[in-house]
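None of the figures in this text is laboratory data; all of them are computed from the coordinates on show. Just so we're clear, the structure is a prediction, and the values are computed from it rather than from any experiment. Heads up, the Cβs are rebuilt from the backbone with ideal geometry, glycines too, and the neighbour counts pull from every protein chain shown.
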């Protein structure tokens, strides 16, 4: 039934929204086809200045699938995409899914070494690259046997003035070939998302048609998406947030997706206003950038009413509601392996600092996911106790690409072990504590690096903070915090330590403070703490609070 929203408007329920469209076959091609059958002339994709209708997008996907088949591509083949976001990225993904092949989106900002690892691990039959990365991709993949074919995204019309022109160019690629789509099944793999590699080499997370669609429809429930919605994403399509939530969610609701090549903080609000965006997603890094930008960049003509992101700090929540005039902010939890595992209930209650409750789905009764808090032996922890999040859900990934050992190690008795520590309250709301590998072991105590990051980043002169453990002289670890100051500020390490002493117990106050210009980030904007730990200069140039205290306590020299 239609219901009032947190901002006072009335909208269809998630179940009513998905019921607007015929039943699909739990495959991506049928998913798009059912929406096109009802809304062929409705806009579905905008990449300035091109705007595609559902009918054009489906025609483009089918034509490109025919062209790829004519070039020898078939079911099960891996097709890599090295590019910034564009409408061609979406057409290619849908074409690959129609072909029964596997889409492998890769980060064009990766170094040659990083891209080499990904291409050699994925072993694609075809690489589709933006022009700037075509030659580089060919050179890096040169050692693969068999050598992959190459295609420039120019062949997909990324330089065309309109979607109609791009569609004509894609149709010409098929050269009049006749092709019958293969039988695609719900449990066939459709996409490989590489993990961020926060602790080492990325893993290829394989998802099926079914898990993609369940996550997409789940996002309709999470954000109460409407057919009139215009979802804006500037997050990359090699990230599950953009591909599963924004693109998948838009198609599930019969809504429209707006995308651009990259996030620009200075242009963000103007882009949102001129494209009439109503919803967007962010990660904490993007949220913090926006709330710290000059307010002269803010465009009050925007129509954004809903935001999904994580984690949402009290300051982000307050600024987005009070200064950016966005009434609905929903925090959630998921990973590449388990998209959309839980989220704050859309209609409430909303609990500060919580990840929310387990996921629901508009077509399926009850809870879509199961979440437990377990100890190292797999025993469920009581309410309030900290343990590892274990998840079981039909949105689960299929496997890690070509890595049965890592796949088996990720599960215990059918439950996926997330590596994240959390606690649960009596109302079944979950609260994130830390990554297991982001725990600093100091003098017999476990200290959450995430907690320190959050508290220190609240200092008015701190733009970003990252706490890591460094070796202690007597064993275990000491706390080092790397800090990026806000522009035009010059915080002293002593000021940061004073801030910490007023907000943290003595055990959690860092010993070392290092001021840096930037922090290393993964493609999903998380701090790559393993790279900080591997850089000896971070500790070598740090301010040492214990050494400074020892110097200050020395008696003055006699005479």
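Annotation for residue 473 and residue 40: the two label points, set 7 Å from Cα along the Cα-Cβ direction, are 7.8 nm apart.
A full extension of the chain between residue 488 and residue 352 corresponds to an added length of 45.8 nm, given 0.36 nm per residue minus the alpha carbon distance.
Once the Cα-Cα distance is subtracted from the 0.36 nm per residue extended length, the residue 187 to residue 495 segment shows a gain of 105.3 nm. Measuring r between the beta carbons of residue 19 and residue 537 and using R0 = 35 Å, the FRET efficiency lands at 0.05. One compactness figure for region 375-424 is 1.24, namely its Cα radius of gyration divided by 2.2 N^0.38 Å. Take the Cα of residue 149, step 7 Å toward its Cβ, do the same at residue 409, and the gap between the two points is 3.7 nm. Of the beta bridges in the chain, as assigned by DSSP with both residues counted there, near 60 percent are antiparallel. Helical content alone sets the calculated 222 nm signal of the chain at -8500 deg cm²/dmol, taking -39,500 (n - 2.57) per DSSP H segment of four or more residues and averaging over every residue.
Taking the DSSP beta bridges in region 443-553 as the whole, what percent of them are antiparallel, to the nearest 5? Antiparallel bridges make up about 75 percent of those DSSP assigns within region 443-553. Taking a ≥ b ≥ c as the square roots of the eigenvalues of the Cα gyration tensor of region 443-553, is the shape rounded (a/c under 1.5), prolate (a/b larger than b/c) or oblate? Taking the square roots of the gyration eigenvalues as a ≥ b ≥ c, region 443-553 is rounded. Packing, as the average of other Cβ atoms within 10 Å across residues, places the peptides 470-478, 258-266 in the order 258-266, 470-478, highest first. Simple spin-label estimate for residue 318 and residue 374 gives 4.0 nm between the two label positions (7 Å along the Cα-to-Cβ direction from each Cα). Once the chain from residue 546 to residue 159 is taken as fully extended at 0.36 nm per residue, the excess over their C-alpha distance is 133.4 nm. Taking the Cα atoms only, what angle lies between the long axis of helix 112-122 and the longest principal axis of the chain, rounded to 10 degrees? Relative to the chain, helix 112-122 is tipped by roughly 50 degrees. Among 327-337, 181-191, sorting by the average number of other beta carbon atoms lying within 10 angstrom of each residue, highest first, gives 327-337, 181-191.
Each of the peptides 318-325, 280-287 was scored by the mean count of other Cβ atoms within 10 Å over its residues; in descending order, highest first, they stand as 280-287, 318-325.
Against the chain, whose longest principal axis comes from its Cα atoms, helix 87-99 is set at around 60 degrees.
For the chain, the square roots a ≥ b ≥ c of the C-alpha gyration tensor eigenvalues yield an a/c of 1.5 or more together with a/b exceeding b/c, which makes the shape prolate.
Return a whole-number percent for the relative contact order of the chain, with Cα pairs under 8 Å and 6 or more residues apart as the contact set. Walk me through the intermediate numbers first.
Numbers: 1135 pairs, mean separation 58.2, N = 559.
Contact order relative to length: 10 percent.
Which of the three applies to region 164-205, rounded, prolate or oblate, going by the alpha-carbon gyration tensor with a ≥ b ≥ c and a/c under 1.5 meaning rounded? Oblate, because a/c is 1.5 or more while a/b does not exceed b/c. Computed from Cα atoms, the angle from the helix 28-39 axis to the main principal axis of the chain rounds to 70 degrees.
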